[in-house]
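The values are calculated or read from the model by the stated rules, or taken from the named source; none is laboratory data. Worth saying up front: this structure is predicted, and the values here are computed from it rather than measured. Here the Cβ positions follow ideal geometry from the backbone for every residue, glycine too, while neighbour counts run over all protein chains shown.
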Amino acid sequence: AHKQVLAGKTVTITAGPTREALDPVRYITNHSSGKMGYALAEAALALGAKVNLISGPVSLTPPTQCQVYGVQSALDMHQQALALAPQSDIFIGCAAVADYRAADIAEQKMKKQGDELTLTLVKNPDIIADVAALTKQRPFTVGFAAETQDVATYAKGKLRNKNLDMICANDVAKQGQGFNSDNNALTLFSAEGELSLPLTCKHKLALTVMENIAAKLI
Ligand code: PMT
């Protein structure tokens, strides 16, 4: 059994991809499987927390003791996150949120047209930045950064620009880690510095991440 360092704390975690509809049968999404976010939920439970899991569409079974909020689009996830964040001690944005959605969702299935088709996309709200911008009841806010180059530079930029307390950076260009893998490696950045967590299974990694967050709350 683990030391119950998160007893009495509420942790809200976003996980998985978002799905941005184009018409009734098509959507834009990404390769997030939800494995990292679900492992964080499991780790937070193991450390004694109450856990809210806001999940995009994935094919995983969530831990039975957590409260699951299923969502599809970034707008759905944004609404659910802002509803739960003020009653949370810790908020972790592990979801791979689509940065853009279709400007208009076609009501009927789009017909095949000419040789080119142009889609107009509009920016989605930044969920984690809006959570971190809460002035009352702001949780300890942890983001993830999925990068394919200059990982540390981009991650530190997101830590600062989104006003986060911590960011967990992963190199998603490397084989055998990141999106849809059972394993991952992370570097945690915060105001105090950085900590590298080498490649291991997402379950073990998630426990180390949650223990690090718990240590920062005290
Ligand atoms: O789900 P798996 O297959 O296990 O893969 C895990 C993972 C690679 C998806 C995960 O480890 C990860 O990196 N998640 C974040 C993916 C991502 O979208 O990163 P980003 O660098 O684009 O976004 C930075 C941060 O802003 C993230 O905390 C993200 O949740 C958040 N964000 C982004 C856009 C947006 N509109 N709203 C947000 O809150």
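Tabulated data
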| item | result |
| --- | --- |
| Failed criterion for Ala74 (all others in (1) farther than 24 Å from Leu207 by Cα; (2) surrounded by 19 or more Cβ atoms within 10 Å (Cβ to Cβ); (3) without any contact (Cβ under 8 Å) to a residue 40 or more places away in the chain; (4) not basic (Lys, Arg) hold) | (3) |
| Segments classed as strands (runs of 3 or more DSSP E), wholly inside region 134-192, with at least 1 members that are at pLDDT 95 or above, of a type in the set (Val, Ile, Thr) and touching a Gly at 6+ places or on another chain (Cβ under 8 Å) | 140-147, 166-171 |
| Output for region 129-151, where each listed residue is surrounded by 14 or more Cβ atoms within 10 Å (Cβ to Cβ) and either farther than 18 Å from Cys94 by Cβ or more than 12 Å from the ligand (Cβ to nearest atom) (or both) | Leu134, Arg138, Pro139, Phe140 |
| Selection from region 89-128 of residues that are surrounded by 12 or more Cβ atoms within 10 Å (Cβ to Cβ), over 24 Å from Leu6 (Cα atoms) and more than 16 Å from the ligand (Cβ to nearest atom) | Ile105, Ala106, Met110 |
| Exclusive hit being in contact with a Cys (Cβ under 9 Å, 6 or more places away or on another chain) and more than 15 Å from the ligand (Cβ to nearest atom), set Lys9, Lys50 | Lys50 |
| Hey, Ala83 over 14 Å from the mean Cα position of the chain (by Cα), within 21 Å of Asn30 (Cβ to Cβ) and surrounded by fewer than 20 Cβ atoms within 10 Å (Cβ to Cβ) or not | no |
| Filtered residues of region 152-198 (kept if near the ligand (Cβ under 9 Å from one of its atoms) and charged (D, E, K, R)) | Lys158, Lys162, Asp182 |
| Close pairs from region 54-65: first in a loop (DSSP other than H, G, I, E, B), partner of a type in the set (Lys, Arg), Cβ under 7 Å, at least 6 apart | Gly56/Arg19; Pro57/Arg19; Leu60/Lys35 |
| Selected residue (only one of Ala132, Ala81, Ala96, Ala106 is in contact with a Leu (Cβ under 6 Å, 6 or more places away or on another chain) and in contact (Cβ under 8 Å) with a residue 24 or more places away in the chain) | Ala132 |
| Members of region 171-193 that are touching a residue at least 60 places away in the same chain (Cβ under 8 Å), within 14 Å of the chain's Cα centre (by Cα) and surrounded by 15 or more Cβ atoms within 10 Å (Cβ to Cβ) | Phe179 |
| Region 193-217, residues that are assigned to a strand (DSSP E or B), over 19 Å from Lys158 (Cβ atoms) and not hydroxyl-bearing (Ser, Thr, Tyr) | Pro198, Leu199, Cys201 |
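Table: residues versus (1) β-branched (Val, Ile, Thr); (2) within 29 Å of Arg101 (Cβ to Cβ).
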position: Lys123; (1), (2): no, yes
position: Thr200; (1), (2): yes, no
position: Met210; (1), (2): no, no
position: Lys216; (1), (2): no, no
